[in-house]
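Please treat every number below as a calculation from the coordinates, not as lab data. Note that the coordinates shown come from a computational prediction; the quantities given were computed from them, not determined experimentally. Every residue, glycine among them, receives a Cβ derived from its backbone with ideal geometry; neighbour counts consider all protein chains shown.
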Amino acid sequence: MTAIVELWNSLHPMLQAVIKGLAVIGVIFPLGGASSLVERKVSAWMQGRPGPNRALPFWVAWVPGISLLQRLGVFHLLADGGKMFFKEDSLPGHVNKFYFLLAPVVAMIPALTTVTAVPLGAYVDEAGRVVPLILANVDIGLLAVFAVSSLGVYALILAGWASNSKYPFLGGVRASAQLISYELSMTLSVIPVFLWINVPGGEGTLSLAKAVEFQSQPGFLGGMWFIFIMPIAAIVFLVSLFAETNRLPFDMAEGEADLVGGFHTEYGAMKWGLFFVAEYAHMMIGSAVFILLFFGGWNPLPWIPLSLVVGWLGAVSPVLTHPIIVGLLSLGIFVGKVLFMIFVFMWVRWTVPRFRYDQVMKMGWQKLLPLAIGNLLFYAAAIAIRDLQLGVAYWAALAVVTVAATWAIFANPLQKPAL
Amino acid sequence: MADFVFYTFALLTLGSALAVVLNKDAVNAALCLLLSLVGLAGLFVLLDAALLAFVLLLVYAGAVVALFLFIIMLLDTTPGAQKPFGKLSAAAAVLGGALLVVGAHTVGINTPATGSAAHVAPSLKNYAELLFTTYLLPVQIVGFMLLIAMLGVIVLSKRFSEAPETGVGRLEAGKAP
Amino acid sequence: MSSAPAKPADLVTVNIDGKEIAVPKGTNVIEAAKLVGVEIPHYCYHPKLSIVGNCRMCLIEMGMPAVDPATKAPVMDAATGKQKINWIPRPQIGCGTNASPGLHVKTSSPMAREAREGVTEFLLINHPLDCPICDQAGECKLQEHSTAYGRGYSRFIEQKNVKPKRTQLGPRVTLDDERCILCSRCIRFSKEIAKDDVLGFIDRGSYSTLTCYPGKQLENNYSLNTVDICPVGALTSTDFRFKMRVWFLKQTPSIDTESSVGVNTEVWSREGVLYRITPRRNDAVNDTWLADSGRMLYKQVKADDRLLAPAIGGNSTGGDMALKAAADLLKAGSVAVVSSGRSSLEEQFLTKKLADALKTQASLVSRVGQGDRLLISSDRNPNVRGALVTGLISALPSQKLAGLAADIDAGKVKTVISVGEDLTAAGLTAAQLAKVSVIYLGTHNNATSAAAKVVIPTLTVFEKSGSFVNQQFRLQKFAKAVPGPAGVNDDLVTLAELVAAAGGGILPFALGQLWTQIAAETKVLAGLSHAALPATGHLLDASAWAGLPFCEGETLHFKPAAVPAAVNA
Amino acid sequence: MAYVVERKSLSLSERLYLPQIVAGMKVTLKHLFKPNVTLEYPDVRPAIPPGYRGVPTLVKDPNGREKCVSCQLCEFVCPPKAIRITPGEVPANQPDRAHVEKGPQAFDIDMLRCIYCGLCQEVCPEEAIFLQNTFSMTGYTRAEMVNDKAKLYELGGTLPDQHFKWDKKKAAEERGNPHH
């Protein structure tokens, strides 16, 4: 095991980076594909159906127990992938060919680039410090994720426009308006978290690893995940995340009931498949960020940080505290949480019907954005009162203002826009 | 290595900026602008100004250019339909060029040569402190200007879209046999 | 029946179901009831046959105004203030009861209904009830009246009578004796109308059976009329037997083309296929009859020798090519036009335009056969008088084209265009035909089409609309029953194009527009239009042709004018 | 006249969406663990209930004789005009059927048109046409989807006859006139 570590350390840093990058991509891509199968299975089970369970290549049919994999539809995944690669990749005659071909590639770029700034786990080094597993541990991690993923909208705009056809165009227009609208509330909703993290006198940071670190402290408030501290922010972020990833109930850009297939109507084969994988990659990155910020990252449970678990493992056997083991453990916990979030995405998709486009816009601008701003103001005030130790009177004033504002928004049964 | 990356990004930035001006198709121009911004962000990263780079990407590349594209696609501008190079454009070009030279010169004499003195990577905290202390007034002024511009746009677009509804033409249209 | 309006003195007022109506004296109650819109069910009664009253279906309740037997003074009803009616306690037959002044009739009183229900039950006792295989189903009087007056189930538990099911009464008529209700319509028709007394009943009671006299057959040319008038499915047409249920068939009014009588017919078709032809009632022409020979004419539509494609010099070609070839021949000049008495009036009008454009006089071929004094006249062309009306010809045609033959021999004619006439049959020899270029417009192959330079197929009378003028100078229209074969143009289109090619100007070929021009240019047709022609035809003013020696003898509703008949025979 | 239906104003939890969505998710989650209700069709065949209206077929009587007399009532009543019959006379050399006189020469049902309404079965006076259990009809060409007479009898088979209408008729014919 040590040999592996030494071999790894002996590699050129550039080569290390390339291998790490490839490893992450090598996980994201198949996970995107597998998610499509899971989506089919989950939807089927929720609807009382068995889902895909037919495909079985004849040359493996003799393997005992293979029928379980068959019932789980694993070979459908292979068949779907194979189909994507080998079916005829038609290029309609009326499209703008350059942008038409560019769009799926553009869709993949932000999906894969954002991974670099997302910590995927952590290990405890010899000095006892928790070191995050991250490709580029930059100070402004969250901003990098937001910035790069905001470029994802170009894929939809370009696909819609280059298709030179009504429905894709409408899909592209919808997508761009929706993504820009919800980016605001999304960004605003995470600011309280970092206000909370960046205590006075400390180092200013936007690092996601720092956010996890903050949730792994000892003590009641220290081990508390942010979902408990600022639930409104978490909800606003989650809803915006659904909108940003174009998932139901916000998949206005596809809207097969009214737009055939939305921006990807004219696409087929692997070009379409890239959009598909990009959507799942977006979901995964978004879920990862959500979990890092609000659900304690790679900590198994609230108030039970990873380091505590490592302590327990050390009590069982010192071998288990080896960085590789701990790294894999944290990675497992984190990926498990992310996959559960993916499941939540599917769960919501097969529960809630699609919004109308005017409802989407109304919710974004008239509900979520004011809510995010109010949330930000509330926590700014709260943090100020806490840090400056202004005393009970100010707490009482904040409580009164909050209650009054809440009453003003919700007490009036008339459907006035909130705030 | 760093030089190679710098020249690559510089070439990308300048080349696509030139393409923005020279391109006849508005969509192409907007996308070249995007490329130029990405290149600029890369240059910022080389200068260890990662925050600036990603804010640039987030605000300009992610939102502003997307809105440009949005408008261009909705208006369906046909390439080659713009007006010829007029006197006003020439004057604007001369003025802009002069400003560029002055600005570059000012920046050149005010900036210490590379490699000298305390070159500290600007942290998030530095930016925040400067923004909320030294540059608080400019930030607020710029914010108000943007607000005023936004309100102006809303008022202008409202008036134009409502004009035919209250105008005489509509009444007459109703009376037409 | 007299067509002159009845004088008021001949009218008597009767009261049917409470409605007063004035009817000619002698009208029976069934006809009188029809005038007030009441249908009295009947089987044996037929308006054109004698009355026997043996089916008892038309039973009605009848009464006369009461008079005091002693003083002959009307007996008044105190309650209503009207004359009291003495109702006869037993039902009377409607067909045998003639209108008399003051007659009161109840057609649907409980007594009349009960009587009809009883008659229906008796008729159905031995009826085989094989409607699913019966050709009459759908137009069967027994079926209709059983629906109205039957009880829906049978109280007859004994064995039904068994009679022969497939008796050949003649070459065209098959008898199913089990279905026969012994109304004797067929017997009366044979005796009274066809004057061929071959049918009769033998045996008694439920053994009664319709049969031919020993050694005789129902084989006269009107035998199928017995099938028409049979109220049940007993007499069936051997030709139409088991071919198609009548409710699928579309009825199109048409005219029988076999002679100048112009019998009104109904053509029954389904999806472009003809199935049968039946007479259409026209009291001024054919009453309700039609000759058997006229019923078989529909077979020419699907005949093997039908011309289906245009040809030049015997080789099939496109319609445009054939028209162009014909046009070239016409432009070359020295053309003779042979027209036909079988063409419709509209075609004859266009043919006249063609002859005018070619500066020639069209000739017509007459066909003379033996008339049967009923519905087949000796002039076997349906529309010779149409040619006179349109001015295509001014004198009656002869049977042979002697003049044309002479012209060909003299070399005066280079091209002959024949509109539906077989020139060989009209007296031209093969050698004469070989000397000229023949343009033949026709429906079937014959010696002329074989010898023709250009052949343009045309439509049969069932595939086009138009009109004929019959021997009474009655203008009668016929309508398109089925579409023509693919690729065959309407005859009017073909002729209009030929006229245009010959330099006669652009003529309309749509029936409505063409009639506007025909009515404008033809004096006796002024003010008429094809669309507005009544179903029974329009009698034209024939005074202009009164002196012509037509060859026809007397037929059912036609008396020849007193001119020497032999002149043209 | 149109009139406006006043809608009940939404309650707070309804306006917040989230409680409603969570309630919905509870329902879907319950279904996630419920057993499947799908019939895995080609492996598991559905039980056809009595009275099922499958592919229309022609049936023969217990003696193996054609029941249809080509009365064409089914052709007449068929709403999508899927049935096409060419009637014909039963030749005299069929001793056990000649007394029926009439039978179909050709009998085609276009299954691309058929809507399985069952009116043909309803209207048939001879009880010769039945919609039976077959529910799956496939073919590669349009022509294959037209069931001709032979196919219809193959699909239909033989059904018990309750009336023996034509047998009685034949017996009466052979007996002659028994009364008097």
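Under a Cβ-Cβ cut-off of 13 Å, what is the net charge of the residues other than A:Lys97 that fall near it, where Lys and Arg count +1 and Asp and Glu count -1? Please report the intermediate quantities before stating the final value.
On the way: positive: A:Lys271; negative: A:Asp89, A:Glu266.
Cβ neighbours under 13 Å give a net charge of -1.
For the stretch A:91-379, what does the equivalent ellipsoid look like in terms of its semi-axes, each the square root of 5 times an eigenvalue of the Cα gyration tensor, given largest first in whole Å? Walk me through the intermediate numbers first.
Details: eigenvalues 271, 92, 49 Å².
Value: 37, 21, 16 Å, ordered largest first.
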Per the helix-only calculation at 222 nm, which mean residue ellipticity applies to chain D, given -39500 (n - 2.57) for every DSSP H run of n ≥ 4 and division by its residues, nearest 500 deg cm²/dmol?
-> -7000 deg cm²/dmol
Once the Cα atoms of helix C:319-331 and of chain C are each reduced to a long axis, what angle between those two axes, in degrees from 0 to 90 to the nearest 10, is obtained?
-> 60
Relative contact order of chain C: what whole-number percent is it, with Cα pairs under 8 angstrom and at least 6 residues apart?
-> 11
What one gets for the stretch C:246-392 as the Kirkwood radius, inverse of mean 1/r over different Cα pairs in Å, is 17.7
Expected sort for C:Cys134, C:Cys140 with the fewest Cβ neighbours (10 Å cutoff) up front is C:Cys140, C:Cys134
Taking a Cβ-Cβ separation under 4.7 Å as the criterion for a possible partner, which cysteines of chain C have none?
-> C:Cys58, C:Cys95, C:Cys131, C:Cys134, C:Cys140, C:Cys180, C:Cys186, C:Cys212, C:Cys230, C:Cys551
Counting only C-alpha contacts under 8 Å and six or more residues apart, can you give the relative contact order of the stretch D:56-161 as a whole percent?
-> 40
Report, ordered by chain and residue number, the lysines lying within cross-link reach of A:Lys271, taken as a straight Cα distance under 16 Å and ignoring same-chain residues fewer than 8 apart.
-> A:Lys83, A:Lys87, A:Lys97
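Using a cut-off of 9 Å between beta-carbons, work out the net charge of the residues near C:Pro164 (Lys and Arg +1, Asp and Glu -1, C:Pro164 not included).
Details: positive: C:Lys163, C:Lys165, C:Arg166; negative: C:Asp176, C:Asp177, C:Glu178.
Surrounding charge for C:Pro164 is 0.
Restricting attention to the stretch C:470-548, which trypsin sites (Lys or Arg not before Pro) occupy a DSSP loop and are surrounded by at most 16 other Cβ atoms within 10 Å? Present the calculation step by step, with values, prior to reporting the outcome.
Numbers: sites: C:Arg474, C:Lys477, C:Lys480, C:Lys523; in loops: C:Lys480, C:Lys523.
Those satisfying the criteria are C:Lys523.
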Two-decimal Rg/Rh of the stretch D:56-161 from alpha-carbon positions, Kirkwood Rh?
-> 0.96
Measure nothing but the geometry: give the 0 to 90° angle between the long axis through the Cα atoms of C:345-357 and the longest principal axis through the Cα atoms of chain C, rounded to 10°.
-> 10
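When the Kirkwood hydrodynamic radius is evaluated over all pairs of different C-alpha atoms of the protein assembly as shown, what value in angstrom, to one decimal, is obtained?
Numbers: mean 1/r = 0.0233 Å⁻¹.
One decimal place: 42.8 Å for the Kirkwood radius.
Can you tell me the relative contact order of the stretch C:262-345? Whole percent, Cα pairs under 8 Å, sequence separation 6 or more.
Working: 69 pairs, mean separation 13.0, N = 84.
Relative contact order comes out at 15 percent.
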For C:Lys243, list the lysines whose Cα falls under 21 Å from its own Cα; do not include residues on the same chain fewer than 8 positions away.
-> C:Lys141, C:Lys165, C:Lys299, C:Lys302, D:Lys67, D:Lys81, D:Lys102, D:Lys149
Compactness of the stretch C:311-567 - radius of gyration and Dmax, Cα, Å | 17.8, 52
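Taking only Cα atoms of the stretch A:110-231, what ratio of Rg to Rh do you get with Rh as the Kirkwood inverse-distance radius? If you can, show how the numbers build up before the last one.
On the way: Rg = 18.4 Å, Rh = 16.7 Å.
Value, to two decimals: 1.10.
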Whole Å is fine, so just give me how far the alpha carbon centre of the stretch D:1-57 lies from that of the stretch C:400-468.
-> 78
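Can you sort B:Leu34, C:Leu354, B:Leu52 from fewest to most other Cβ atoms within 10 Å of each residue's own Cβ?
Numbers: B:Leu34 23, C:Leu354 27, B:Leu52 18.
Placing the least packed residue first, the sequence is B:Leu52, B:Leu34, C:Leu354.
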Which whole-angstrom value gives the distance between the alpha carbon centres of the stretch C:100-149 and the stretch A:190-246?
-> 96
Could you give log10 I(q)/I(0) at q = 0.15, 0.18, 0.31 Å⁻¹ for the stretch C:142-184, computed by the Debye formula over C-alpha point scatterers of equal weight, without solvent?
-> -0.57, -0.76, -1.09
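Taking K and R as +1 and D and E as -1, what net charge do the other residues with C-beta under 11 Å from the C-beta of D:Leu152 add up to? Working shown, then result.
Numbers: positive: D:Lys60, D:Lys149, D:Lys151; negative: D:Glu66, D:Asp108, D:Asp148, D:Glu154.
Net of charged neighbours comes to -1.
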Taking C:Val67, A:Val42 and counting other beta carbon atoms within 10 angstrom, the fewest-first order is C:Val67, A:Val42
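Given the stretch C:159-225, what whole percent of its Cα pairs are spread farther than 20 Å? Display every interim value, and only then the final one.
Values: 501 of 2211 pairs.
More than 20 Å apart: 23 percent of the Cα pairs in the stretch C:159-225.
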Using the 4.7 Å Cβ rule, please list in number order the cysteines from chain D without any candidate partner.
-> D:Cys68, D:Cys71, D:Cys78, D:Cys114, D:Cys117, D:Cys124
Quick one: putting +1 on the C-beta of Lys and Arg, -1 on the C-beta of Asp and Glu, what dipole do you get for chain A around its Cα centre, in Debye to the nearest 20?
-> 940
